[in-house]
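Take a look at the structure set out below.
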Amino acid sequence: MVGQLGHPRPVTPLLLAEADAGELLTLQRAAFLSEARAHRNLELPPLLETLEQVRAALADPAYPVWGVRDAGRLVATVRLRVAGDVGEVVRLAVAPDRQGEGLGRALLLAAEAAAPAGVTRFRLCTGELSAGPLHLYAKLGYRETHRSPEADYQLVHLEKPRADGPAAIR
Ligand SMILES: CC(C)(COP(=O)(O)OP(=O)(O)OC[C@H]1O[C@@H](n2cnc3c(N)ncnc32)[C@H](O)[C@@H]1OP(=O)(O)O)[C@@H](O)C(=O)NCCC(=O)NCCS
């Protein structure tokens, strides 16, 4: 389904495949560098993930990875890991030059809408110094459940109940 997703030009979130691994890793590393700098931690999992691990994630049908392409270029991505009735949102990332256009918000909402029917709540986490993501998640209804130590900062864990809505990703 093609949707506006709050973006001036139509964008289409698509399921990514193994062939997208290199591009996905490049986008992920570029996007998460700002978080690494904010937390003075270059060991963030999205930065350490190898090409082989990205390929394995893309090959796993139980672990959907979505992306948004604009004029062929991969500009945003997100993954959903389902365990029981929980959908864990991971690796939400928008290309640095395309941030602030509504892509992250739209892709997160679309991933939630595309989660399997058995998912009743969503979880995610981010670093305590990630002001942008924390603002975005609060705006979309995520509430903090707890914090856990990570290096010399805290990881903020958030959760929200699923709201009924139509699937927005194919
Ligand atoms: C976080 C991220 C996915 C948001 O995507 P985006 O397309 O830039 O965000 P959007 O344009 O959809 O903005 C949604 C809201 O969040 C806010 N926001 C997003 N990133 C922000 C930032 N770095 N600083 C301040 N506010 C930010 C926007 O202002 C907007 O709020 P508003 O609706 O009140 O105006 C993107 O900035 C990114 O890839 N960051 C680096 C990787 C990362 O931190 N991922 C999340 C890990 S948990």
TODO: Obtain the nm distance between the two label points defined at residue 12 and residue 33 by a simple spin-label model: each point lies 7 Å from its Cα along the Cα-to-C-beta direction.
DONE: 3.1
- [ ] Return a whole-number percent for the relative contact order of the chain, with Cα pairs under 8 Å and 6 or more residues apart as the contact set.
- [x] 22
TODO: For the chain, go through all pairs of different Cα atoms, get the mean of 1/r, take its inverse, and jot down that Kirkwood value in Å.
DONE: 16.2
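If you roll a 1.4 Å probe over the chain with all protein chains in place, what percent of the accessible area is carbon or sulfur?
On the way: 4920 of 8770 Å².
For the chain, the apolar C and S fraction of the accessible surface comes to 56 percent.
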TODO: Give the dimensionless ratio obtained when the Cα radius of gyration of region 102-150 is divided by 2.2 N^0.38 Å.
DONE: 1.23
- [ ] Please work out the C-alpha center-to-center distance from region 13-40 to region 108-143 and express it in whole Å.
- [x] 18
Task: Descending semi-axes in whole angstrom, ellipsoid equivalent of region 18-81, from the Cα gyration tensor - done: 20, 15, 10
TODO: Compute the accessible area per residue over the chain, keeping the other protein chains in place, probe 1.4 Å, unit Å².
DONE: 52
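The values are calculated or read from the model by the stated rules, or taken from the named source; none is laboratory data. Owing to the predicted nature of the structure, the values given are computational and were not obtained by experimental measurement. Heads up, the Cβs are rebuilt from the backbone with ideal geometry, glycines too, and the neighbour counts pull from every protein chain shown. Ligands, DNA and RNA are excluded from the accessible area calculation, which covers all protein heavy atoms including side chains. Shrake-Rupley method; radii C 1.70, N 1.55, O 1.52, S 1.80 Å.
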